[in-house]
Structures are given as C-alpha cells and as structure tokens.
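Below is one structure. I have some questions about it.
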Amino acid sequence: MTNTTTPDKLDLELLGQQMHVLIGELYPICRSITGDGVRETLRRLQHFLPLTIHEVPTGTPVFDWTVPREWNIRDAYVKNSRGERVIDFQKSNLHVLNYSIPIHKKMSLEELKPHLFTLPDHPDWIPYRTSYYKENWGFCLSDKQFLKLSEDEYEVSIEASLKDGDLTYGEMLVPGRTTDEILISCHVCHPSLANDNLSGVVVACFLARELSQLPRRFSYRFLFIPGTIGAITWLSINEPRVSQIKHGLVLAGVGDAGPLSYKRSRRGDTEIDRAAVYVLRQLGPDARVLDFSPYGYDERQYCSPGFNLAVGRLSRTPHGTFPEYHTSADNLSFVHPHSLGESFSACLSIFSVLERNGTYLNTNPKCEPQLSARGLYRAVGGSTDGGASELAMLWVLNLSDGGHTLLDIAERAQISFDSVHRAAIVLEEHGLLRECFKQSPAVTSEAPV
Amino acid sequence: MTNTTTPDKLDLELLGQQMHVLIGELYPICRSITGDGVRETLRRLQHFLPLTIHEVPTGTPVFDWTVPREWNIRDAYVKNSRGERVIDFQKSNLHVLNYSIPIHKKMSLEELKPHLFTLPDHPDWIPYRTSYYKENWGFCLSDKQFLKLSEDEYEVSIEASLKDGDLTYGEMLVPGRTTDEILISCHVCHPSLANDNLSGVVVACFLARELSQLPRRFSYRFLFIPGTIGAITWLSINEPRVSQIKHGLVLAGVGDAGPLSYKRSRRGDTEIDRAAVYVLRQLGPDARVLDFSPYGYDERQYCSPGFNLAVGRLSRTPHGTFPEYHTSADNLSFVHPHSLGESFSACLSIFSVLERNGTYLNTNPKCEPQLSARGLYRAVGGSTDGGASELAMLWVLNLSDGGHTLLDIAERAQISFDSVHRAAIVLEEHGLLRECFKQSPAVTSEAPV
Amino acid sequence: MTNTTTPDKLDLELLGQQMHVLIGELYPICRSITGDGVRETLRRLQHFLPLTIHEVPTGTPVFDWTVPREWNIRDAYVKNSRGERVIDFQKSNLHVLNYSIPIHKKMSLEELKPHLFTLPDHPDWIPYRTSYYKENWGFCLSDKQFLKLSEDEYEVSIEASLKDGDLTYGEMLVPGRTTDEILISCHVCHPSLANDNLSGVVVACFLARELSQLPRRFSYRFLFIPGTIGAITWLSINEPRVSQIKHGLVLAGVGDAGPLSYKRSRRGDTEIDRAAVYVLRQLGPDARVLDFSPYGYDERQYCSPGFNLAVGRLSRTPHGTFPEYHTSADNLSFVHPHSLGESFSACLSIFSVLERNGTYLNTNPKCEPQLSARGLYRAVGGSTDGGASELAMLWVLNLSDGGHTLLDIAERAQISFDSVHRAAIVLEEHGLLRECFKQSPAVTSEAPV
C-alpha cells in the first residue's frame, strides 16, 4: 500500500457480491447488545478472520454505565383465542421489542395495545424498537397486521431471559510497522437489519482481510461491538491504549444505494478528516461531507470530550434520513453489492492516503536542486508544457520544509495526491528529500490484542 | 433573568407608549453639553430612577480635553424693524446655534446672513447646529423662513451666558451578584430632537428600572451623559474602574421606524458582539449588523485604542442616513412606541444571553453519561426523532470542555440559545455539568456610584 | 516619494516610448545564460545606469549547481547542396538551439531532422529552444521553412564555443535611508525575445534611474541576471546579505498588451503581496492576482524554502498562456509603449505604498484627542458630512496601536491609502501620532555592491 493505491487492482464488483452473500448469512440471527446473537455473529466472522472474542461480565462498571444483564430469546408470539400466532418471532426477530423481559400471560386487546409498535406511514413494514435500560416488553408489527387484530383474548408469550452474563465483542489487530493505530469500528448489535449495520460489519471484515495482505505503516484495530455500551466498554477497558489511536473510522450504513457521506470528527479538520474529504471529492459531486454532531453512532463515544479522538464516520445515506431506517424494509434488497464494493474501496483509499501522507524535508532547500543533472527534467528547455510530474516535483521540493504533509501539498498545488506522492518517492530516491519521521515506536513483537 | 427570557412576559406596546410619553415630557427642554437643560432632564429622570447627578467643574482636565464653560440660555430672537420676532427661540430651541455666545446688536441682513443656517433641500425644516469649541453665534431656521427675510435692520439678541460652571451627568449602578459590569450609555445633550437621543434616554431609563427587578449576575451601569465630552469626562474620572466593564452598549436613535441595527465594537467579535448579532438575527432578516468605524456616538471613546472596551451600539436607522437627522423633523412623530418597545426588548434579550452565557465542564467527559438512568432520555429506542431537547443535551455535554460558552454551542449546533441553556440547567441539576466561574469577585456591599 | 505618489507627475507615454526604443536597441543581441551577449547588453545599460558588471568563473559551485562553461557563437547555418543558407543564424539568433555545441558536418535530411525544432501550429514562427545542461546542437525554424527542405546533402555549421569562462550579471544598489532592501530582479539571458524579457530589463532600468532621484527609506537592489543559474549564483554569493531583502519583485513579461498580473510570494500575504494587490485593484477589474506556484521565473529561487523571501512577480499576460511565448512572434511589435509605461508606474506605486506604509502609535490613546482645538475639525458641528479627511484621521487615530500599518488601516476603513497616509502625516505633524520604527539600521556609508 505504500506506493500504489491498491483499490484499482481489486475486482470490487466481485468483492461486493461476496460481502452481500455474507450479509445474507448473518441476516437471520437475532442480535442485541448482549447475548448469543452477537456471539454467533462473531463466530461466523471467525471463519474469515482471526478475530478475538471478548466477554465482559454483567455488572462491570464502565465509566458512567454498567455492563447490563445478558438478554437471550428463544421464542415469542401473540396467539389469538383460536391458537393462531398472529405475531410470530419465528417469522421476524424484529417482532419482539429488543430486550423484552419474559412474559406469558393472557390479556385483552386493550391490555395488549400499549405494548404494540407500528408504523402507520409505512403500513407494510415492521418497526425496530428496543428497551435496553428500562424493563419493558412489547411487540412490533406492521400497521396492516395491527389493524386486523380484533377484540379477543390473546396469549402473549416472550420466552426470553435477562440474567447475569456477559457483553460480547470481537476485536482484531492487524499490526503494522509502527504501533500507531487506525481504528475501524462497527456496531454488531442489530437484529435483522441489513444496512444498519451488517453492511458495516462485512465491509470491516473484508477490510481486515485485505489490509492483512498489504504492507502498512499503521496498525489497524478492528472492533465489532454492540453500539454505545460496547464502545463505552471497550474505551473503559482499553483507556491506556487509546492514545495509540491516531485516526479512526466508524462504519455504519455503507450498503444502501445512496452516495457516500463522511461525517467529520469533533475536531473537524484532523488528518483523517482531510484524507476522507479528499477521497470523497475524487468520487464526484454526489459524495457529501457532514459536520460533526453528537448524534449518531459510536463516534459519539470516541469523540466525547474526554477522548476527542480523530474518528470520523463513513456512511452512505445518513441514518434517520431514509424511511427504511430501523424497519423491516432495511433488508437484503436494500443493500447492494456495488455500494458495498465502493464503500470498501473508499476506506482503502482513505487508509492509503494516510499511509503515504508523509512530511518531508528538502535536503537542498536553498534554491532549486538541479533536476536535469539527475535526469529528472526534460532535456530541451523552452517549451510551454513543463510536464505534470515536473510540476509535482517542484511543488514537493518547494513545500517540503517540515511543515507540510503531502496532502497539504496536493491540496495547495491542486495536483492529485498520487502524483505528489510519486514525486516525493522519486525525489527521496535521489536524495533530494528526507522523510520527517513522527515519534511513533516501531512494533517490537506481535502486539497483544 | 437567569432562567428565562423576560421580554416575552412584558407588555411591550404599553411600555413603548409610556416611553413615548416620557420623550414628550423631555422634548421641550433646551439641552446642551452643559447647563440647566441637562440638569432639568436628569432631575425628571430621578422621578423614575435613583439617579445620581454628578457635576464636574469647568476647567477640569479630562485626557486631551478640558471641561468647557457652562452654557445657559434664557431667550433669543431676531426682530425686524417693526419689532416682530422673525426668528424666535421661544418657538423652537433649535433656532439658536447651540453654545452661541451672547449678543445684542442691530445689523443689516447682509451682516446677519453668515450667522444663519438653513436646509435648502428641506425648506420646512430647521437644522440643528452647534459651535461648542469655537466662539460663535448664529440662528438656524427653515429655508422658507429665510427666503422671506427682506433687507431691513434687524435686532439680534441672544441672552445666553457662557461662564465657569459645571458639566452635569447622571449615573446609576444596578448592582448584581458580581462586580462585572455591563455599561449602558446614552447621550443627553441634544435639545428638541426626539430620536437623537431622547429615544436612547428613555430606553436606558426603562431598562434600569426593569433590570433592578430581575435577578442578575452582572452589575449594570447606566450613564446619561453629554456626547463626546461627557464620555471623555466619565472615562477620565473613572479610569481605575473601567476594567470592570465586561460588556457595553451605547443606545442612540432607537425610536424611529427603521429596523434595528447593531454596530460592532472595535474588537469586532467580543461576547456582546456575538450576543447582539445572535439576538438581532432572531428578529428577522431586516436587522442589520454594521462593522465598527470610529465615526458615530460615544462608542468612539469607549473603543478608543487606549480603552478598547467591548462596547457596541444599538440603533435603528443609523445616524446620518436619514434626512430627518439633526433637524426639527426629528420630532415626536418621528419616534414610535412600537419601535421603542422593540429596542427595549432587544436590549433585555442581549443582556439575558450575556447573563446566561456560562461555560461549563462535563463532569463525565469520557463517553456519554447514561441519560436514560436519570430519566433524561426517551424510554423506547430506535425511532427516528431523538427529540430536540435530547439533542441539545448531547451538544452541551459534547462541547462542555471549558472552552465553549453556551452561545458557542448554540451557534455550532444551530440550536436556539434558550434550548441550549435549558439543557445546561437540567444537566447541571443532575450533576452532569459544572459551571466554570470566571474570576469576578462577588459584590460585598452596595457598590458606590 | 515619502509624501506623494510620484507616478502621476511622470509622462508615462513618453517613458513608455523611450523604453520601447531601448528594447529595440537590445533586441538583436544574441544572449544566453553566459557569454558576450549578456556582457554587451549590460554594457549598453551602463549608458543609462551606474551598473556594476560581475563575472563568476566557470566551475564555481553555487548550491546544488555549478557555474557552467561560457557559450559564445559567431555564426551558424545549414546550407543545401547549392550552397544556399536555408537556415541562417544571421537572419535570427533564434535559429540556433541556444547553447548548441560547435559542429561542422555534412549530412542527409534524415540525419539532420532530429536536430530541427518547429511549431506546426504556428507555421510562420520560429521557436526558441535551449539545451544548457545537456550537450546537444540544433536549429529552430518555421514549419513553413521546414516543409520546404528536400532530400539533399546539407552542410551544417555552428561556429560556437563552449569553454571555461564566466557567468556575467549586472547589479546596482540605489541606497536609501536604511539598509532594508527592496529587490528588483529581471532575467537577461534570452536572445531576440522582446517581452520575455527585454520588457523586464528596460522597466527595471528606468525604475533604477527614477528611484535614484526620489527620497526613499528603502535601498533598492537591481539584478540583471541570467534566469535560474543567475539567481542561484547571486543567492549563493550573497547569502549573508539576503536577510536585508524585506520585499522583492521579479519583473518578467511586462510589455505585452494584456492586463497586469501579480503573482504572490510563497508566503502569500507579505507586505509586498498586500501592497501589490492593493495597487493592482486600484487599476481596475482586469488586473489579476495569482497564487504562488513553484513554476515560473526567478521567484522560484527567491521563494525556495531555504530563503522563502517576500518576493512576488509582476507580469502582464502570464508566461506560457499566450502563443507568442518563446517564439519569434515575441518581437518588437508584441510589446507596447503604453504597457511598458503602465508596468513601470505600477512598480513605482507599489514601492510608494511600501515606502509610506508605516506603523504608528496614537500618542493620546485614551479617548479621542480634541481635533478642533488643533484646527483639524470642522468648525460648525451637527451636519451630516464629516468629511473624508476627518474620517481618515479618526481611523488612523483609532487603529494606531502599534499593531496596524497604514495599509491595514486603509483596507479596514475602505479608504484610499493616500488619504490614510495624508491623515497620518498631518496627525504626526500635530504630535498626535508617533511612528514605530522597525529595527533597520540606517546606511552609514555608500553600501558596497
């Protein structure tokens, strides 16, 4: 990855289809912020990746929070008086209010109604609802289904358990030449929702596999964690190592048909913000850049004021701005192989800029060096076209005073980052440039995860 | 004023009418930069306010200036040979060049003419002219009146005195919880001109009365002073206490029908500049924000480089940009109760922002605190609308790192200041926020004025 | 030059014609980066100016470069088998690839062709080509001429010498009251090309003559040097004195009919950048301001990161953006007396701003001083028009806190620099302003060149 942008060589359509297949495999599992759904999901990812699965016991204090009891569910239904399952968890795990407490009781429709959630604006869709931190039970169903419910005595059953157990998350470090880390974080707690966030999970998974095979300056840390409580738990346990995170990306909703969007970190103009904005602008005018806000996914935790990490978020259509968000319509047909491939490729491009975004010193800063004596300049002078690569070399030489990264130079020169990087490599090979290494220790042994 | 924006509760129309009545009462008095006109004006304000009246003797050196001799006038006229008063001070005090030296003499029209001032573009209006620092005498009259003057022998009489005496100004401190001051300054030296500046005088008067009844962090210092020489005199005498002035507002021309305008302080982006701009933008697209210039009212002195105070100016139509400026047409019908009420209300709103514009520290800066455990978060998760107040809380928590005021947060979040302030109060009540107090000593006893 | 902008007084049209005549005199000389052409050119300039001619021996190391061997040429031609000169150096010195090594040989057209350069897009024009640092020989000719060449045996002769000698450049210092320098640099190495750069040479020449007769704070250093290697040589030899250069201007292509353009220094917003932008904006909307790029003329060397001088470039149509660039069409009719006069005048205006752009301290910073007591303010107050000069005085007083130059004040006040400067002079004369002198030593004796 040091000298070339790898994405071009990859068959992104094929990778997109493979990612879509993996989403299909994970889709039926009933996940929540704790429980066997997450465990089963992570175990399947282990077929692809040497992922470490961590378990954190219920009751562990994590900053202002406490790891909650573990929730598992076996079955749930509402039966009418004829014994028919009018709402059936077996048909969709979205039917159950996630984290519902167990219940088995007969009741009238009136008694049942306060526990039913529908979407009148989208009468065919089942909403996704949760009640993690307030004990409650409930069912989600389509408004059409709801309107068919008549006065009756209903048997309501949720065979769930909410007991001391563990919070489960997956982690993998792809070590690089230095211990400086790029964090890639995705949430893995949603049940049958494809874009939010199996898309993020599979893109992270494929990135980890791809990056393992590329030369790299950075170490890449992948987190597959329950949203909010998982990020809080990880940060709490790993606080001493947080300072190694130099850049980070939350992946969420990266499979829909909308254009890519990048949400800036709280700091707003960090190196990953600039690299991501650069890469997205190359992708065309549709790609959007959003300012930070404290509403969203786990960037909320990474960018809380006590951490304030350089972590942005890559998404496609932002959450909450498409009607399928948190409904049964966020299904396998809502995510597209092409989009998955493009999101994957954009991530690699961003990382590739970060990998190559060195700061150099012109070893010959007084006047220009004689490029022609080194075969770096056109032989016959006087013509109009200086040649793009010569111009890139002149820019790199002119701005390599230790105060400009290659991305700074590319932006000021309005020349592609690749051209600027190629010029830097050539100049370095001729001894005209010397990289200013940042104080980041090299990896001495396989870093523990 | 700490928790709510008071203006909404007030009957602004009624207050506007009351202010207009007070303008009517003060209008006939012949004021100047010294003399009984100012004294009489301040005495009448004492019916409303516990105003202190200060007298500074003629000859007192005040920076580069000296307090001038006191000017008083009893009568003035120009009589024709038939003994008719063709120009009569008793009809309008604008007829006399303000600060005219005494004269009693007969003369031809030719001899008189260099001492007559008219406005040919507005033939019915009497101009307002002064000659404070160069001994002179003269009359101002409408151009129509002027054109009727025929060759004749005129008796010219100005029964004025220009003698050692005092410069008079009024001052009032409304003490707050701290000795940090907000300065409200208006000029009180113009004769029968309603907008410039009886409007400023009555708005300041009503503000002093209103603020006395509101809880307040700041102490409010009101100055009713002659323009230029008054501000210079006050600053010269009170130089040691100038550092207590944290914010300030000059009020001038706040009664006409034009939209509100705020002129920034010399520093341009101080807290009062930002608060005033915020409040004016809420008032709609007509309100204007003007950059500082060293031409205008007493902000010239407060913003001189040796003081450079955070003092802006609130006006409606800026001086010099309306034809009625400094003419007899700036009369009682040129000022409107509604405008006076709105100007008054805008001042209160600006002060209310300043009063509440705290800087806070998130007591739990690492990751988000668990709002739901404190009943601050919606019970059922997953739906699209996070709720405006939750969003405001998240913003306040995220940016309360000691480096952002609530106004900073409101502007970055594009949420109303009131919402942000409410969120801060709720979070502070739950121990999630702690205000960073600035080093401003509390008032130990009634501050001397 | 201290109190007035001189350009207005000059007859620019006449000066433009005189400059055009001088270009005509220098035009036929065959210049290169070394050799008798440059020597002869500088000797002719000595008729106008007390120019010092420096010679730097071949082989002298100058930073990353070495002073090359000296090139001189006596004659060159290509003769056909009938003995006719089908390409003839005597007709145009552009016909020879500049720095061609000597050759005398018979050859076929096929053998000759790789050594011929034409411009098929402009079939009547001869291109200008060089080969300074790679030994080569060649001829430049019009494409029409080229197409007429038939199969034949050609006699090729270049009577040139490439031997140890010297690099020649001219220098002149016009000493001012201080040793702070303004550098004016032009390249003098091109053969018969009028705009690039005899225009720069003659404008520099006339500037040196004009500035010698004006009072001046700055010392003005003029360099007439071969492009690139000349600037590198001068910087290498004069490195210790480079810190005296406070501002600088490269003059190149200042005679064509296009509007003036200013290319910013690498630092982008230095005092000369701001002065030049100010002057060009006064000239109207056509004048252009270009950002720095490391491609161009000798600003490349002055703005290399090891020097990073405040040197911009004045041109008209930027090089490389007009078809006549580096062709025989850049001839005497391509440069215009009017353009030369305007370029000359713009330089003087820029220097005039720099000369007068002082930083002052208000000696009376607390409140305004009493201007009327010093006769600096209108006698009768109250009228609308404060007068432009009064406003300029108020601005200068208000911003003269040691942190604003007069140009800063002019830009913030949106008042002309001349008005602001006049106001400062008047205020200084009245003791209300005191100039903050920068630490630049006065000239003790005629500075050595």
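Residue by residue through the stretch B:117-141, note down the ones that are closer than 19 Å to C:S372 by Cβ, open to solvent by 20 Å² or more (accessible area, probe 1.4 Å) and facing chain C (nearest Cβ under 10 Å).
Across the stretch B:117-141, the qualifying residues are B:F117, B:R129, B:Y132, B:Y133, B:K134, B:N136.
Of the numbered conditions (1) more than 14 Å from chain A (Cβ to nearest Cβ); (2) open to solvent by 20 Å² or more (accessible area, probe 1.4 Å); (3) over 20 Å from C:E324 (Cα atoms), C:F146 fails exactly one; give the number of that condition.
The single condition C:F146 does not satisfy is (3).
Being open to solvent by 30 Å² or more (accessible area, probe 1.4 Å) and of a type in the set (D, E, K, R) is the filter here; which residues of the stretch C:211-259 pass it?
Residues satisfying the conditions are C:R216, C:R217, C:E239, C:R241, C:K246.
Moving on. Take the stretch C:284-311 and flag every residue that is touching a residue at least 40 places away in the same chain (Cβ under 8 Å) and either in contact with a strand residue (DSSP E or B) (Cβ under 6 Å, 6 or more places away or on another chain) or among the β-branched types (V, I, T) (or both).
Once the filter is applied, which keeps residues that are touching a residue at least 40 places away in the same chain (Cβ under 8 Å) and either in contact with a strand residue (DSSP E or B) (Cβ under 6 Å, 6 or more places away or on another chain) or among the β-branched types (V, I, T) (or both), the stretch C:284-311 yields C:Y297, C:D298, C:E299, C:Y302, C:L309, C:A310, C:V311.
Something else now. Go through the stretch A:283-301 and give me each residue that's acidic (D, E) and either more than 11 Å from chain B (Cβ to nearest Cβ) or surrounded by 18 or more Cβ atoms within 10 Å (Cβ to Cβ) (or both).
Filtering the stretch A:283-301 for residues acidic (D, E) gives A:286, A:291, A:298-299.
Scanning the stretch A:283-301 gives A:D286, A:D298, A:E299.
Same structure, new question: Quick check on the stretch C:267-274. Is at least one of its residues part of a loop (DSSP other than H, G, I, E, B), at pLDDT 95 or above, within 14 Å of chain A (Cβ to nearest Cβ) and crowded, with 21+ Cβ neighbours inside 10 Å?
no
Starting from residues that are out of contact with any helix residue (DSSP H, G or I) (no Cβ under 8 Å at 6 or more places or on another chain) and open to solvent by 30 Å² or more (accessible area, probe 1.4 Å), keep the ones in the stretch A:365-378 and report whichever is farthest from A:V250 (Cα to Cα).
This residue is A:A373.
Further question on the same structure: Regarding the stretch A:76-91, can at least one residue be identified that is out of contact with any His (no Cβ under 6 Å at 6 or more places or on another chain), crowded, with 16+ Cβ neighbours inside 10 Å and free of Cβ contacts under 8 Å to residues at least 60 places away in the same chain?
Our first condition is that a residue be out of contact with any His (no Cβ under 6 Å at 6 or more places or on another chain); within the stretch A:76-91, this holds for A:76-86, A:88, A:90-91.
The next check asks that each one be crowded, with 16+ Cβ neighbours inside 10 Å; those that pass are A:76-80, A:85-86, A:88.
Of the ones still in play, those that are also free of Cβ contacts under 8 Å to residues at least 60 places away in the same chain are A:85, A:88.
So far as the stretch A:76-91 goes, yes, one or more of its residues are out of contact with any His (no Cβ under 6 Å at 6 or more places or on another chain), crowded, with 16+ Cβ neighbours inside 10 Å and free of Cβ contacts under 8 Å to residues at least 60 places away in the same chain.
State all residues of the stretch A:91-116 that are touching a Leu at 6+ places or on another chain (Cβ under 7 Å) and more than 13 Å from chain B (Cβ to nearest Cβ); if no residue qualifies, say none.
Within the stretch A:91-116, A:H95, A:I101, A:L109 qualify.
Right, next: Does the stretch A:321-341 include one or more residues that are surrounded by fewer than 16 Cβ atoms within 10 Å (Cβ to Cβ), within 14 Å of chain B (Cβ to nearest Cβ) and modelled with pLDDT under 95?
Checked the stretch A:321-341: at least one residue is surrounded by fewer than 16 Cβ atoms within 10 Å (Cβ to Cβ), within 14 Å of chain B (Cβ to nearest Cβ) and modelled with pLDDT under 95.
Okay, moving on. Picking from B:S219, B:S243, which residue would you name as being hydroxyl-bearing (S, T, Y) and in contact with a strand residue (DSSP E or B) (Cβ under 9 Å, 6 or more places away or on another chain)? Break it down into steps so the answer makes sense when it comes.
Values: B:S243 fails: in contact with a strand residue (DSSP E or B) (Cβ under 9 Å, 6 or more places away or on another chain).
One residue alone meets the criteria, B:S219.
While we're looking at this one, here's another question. Hey, could you check the stretch B:169-205 for residues that are out of contact with any helix residue (DSSP H, G or I) (no Cβ under 6 Å at 6 or more places or on another chain), farther than 21 Å from B:V335 by Cβ and acidic (D, E) and say which is surrounded by the most Cβ atoms within 10 Å (Cβ to Cβ)?
Our first condition is that a residue be out of contact with any helix residue (DSSP H, G or I) (no Cβ under 6 Å at 6 or more places or on another chain); within the stretch B:169-205, this holds for B:171, B:173, B:175-178, B:180, B:182-183, B:185, B:189, B:193, B:196-197, B:199-201, B:204.
This time we only want the ones that are farther than 21 Å from B:V335 by Cβ, so: B:171, B:173, B:175-178, B:180, B:182-183.
When the remaining residues are screened for being acidic (D, E), the result is B:171, B:180.
On the way: B:E171: 17, B:D180: 20.
Across the stretch B:169-205, the extreme among qualifying residues is B:D180.
Sticking with this structure for a sec: Can you spot a residue in the stretch C:310-319 that is facing another protein chain (nearest Cβ under 9 Å) and either under 30 Å from C:F117 (Cβ atoms) or of a type in the set (K, R) (or both)? Walk me through how you get there before you give the answer.
Residues of the stretch C:310-319 facing another protein chain (nearest Cβ under 9 Å): C:319.
Right, trim to either under 30 Å from C:F117 (Cβ atoms) or of a type in the set (K, R) (or both) and you get C:319.
Looking through the stretch C:310-319, at least one residue is facing another protein chain (nearest Cβ under 9 Å) and either under 30 Å from C:F117 (Cβ atoms) or of a type in the set (K, R) (or both).
Let me ask something else about it. Given the criterion under 28 Å from C:S416 (Cβ atoms), at pLDDT 95 or above, within 13 Å of another protein chain (Cβ to nearest Cβ) and open to solvent by less than 10 Å² (accessible area, probe 1.4 Å), identify the matching residue among C:S400, C:S352, C:S304.
Numbers: C:S352 fails: within 13 Å of another protein chain (Cβ to nearest Cβ); C:S304 fails: under 28 Å from C:S416 (Cβ atoms).
Criteria check complete, one pass: C:S400.
Name the single residue, out of those in the stretch A:379-396 being at pLDDT 90 or above and more than 7 Å from every other protein chain (Cβ to nearest Cβ), that is surrounded by the fewest Cβ atoms within 10 Å (Cβ to Cβ). Give the derivation first.
First pass over the stretch A:379-396, keeping only residues at pLDDT 90 or above: A:390-396.
The next check asks that each one be more than 7 Å from every other protein chain (Cβ to nearest Cβ); those that pass are A:390, A:392-393, A:396.
On the way: A:E390: 16, A:A392: 24, A:M393: 28, A:V396: 30.
My answer is A:E390.
Then there is this: Considering each residue of the stretch B:420-436, count those that are away from chain A (no Cβ under 14 Å) and open to solvent by 10 Å² or more (accessible area, probe 1.4 Å), and give that number.
6
The values are calculated or read from the model by the stated rules, or taken from the named source; none is laboratory data. Computed from a predicted structure; not experimentally measured. For neighbour counting, all protein chains shown are included, and Cβ atoms are generated from backbone atoms with ideal geometry for every residue, glycine included. Side chains included, ligands, DNA and RNA excluded: accessible areas come from the protein's heavy atoms. Shrake-Rupley method; radii C 1.70, N 1.55, O 1.52, S 1.80 Å.
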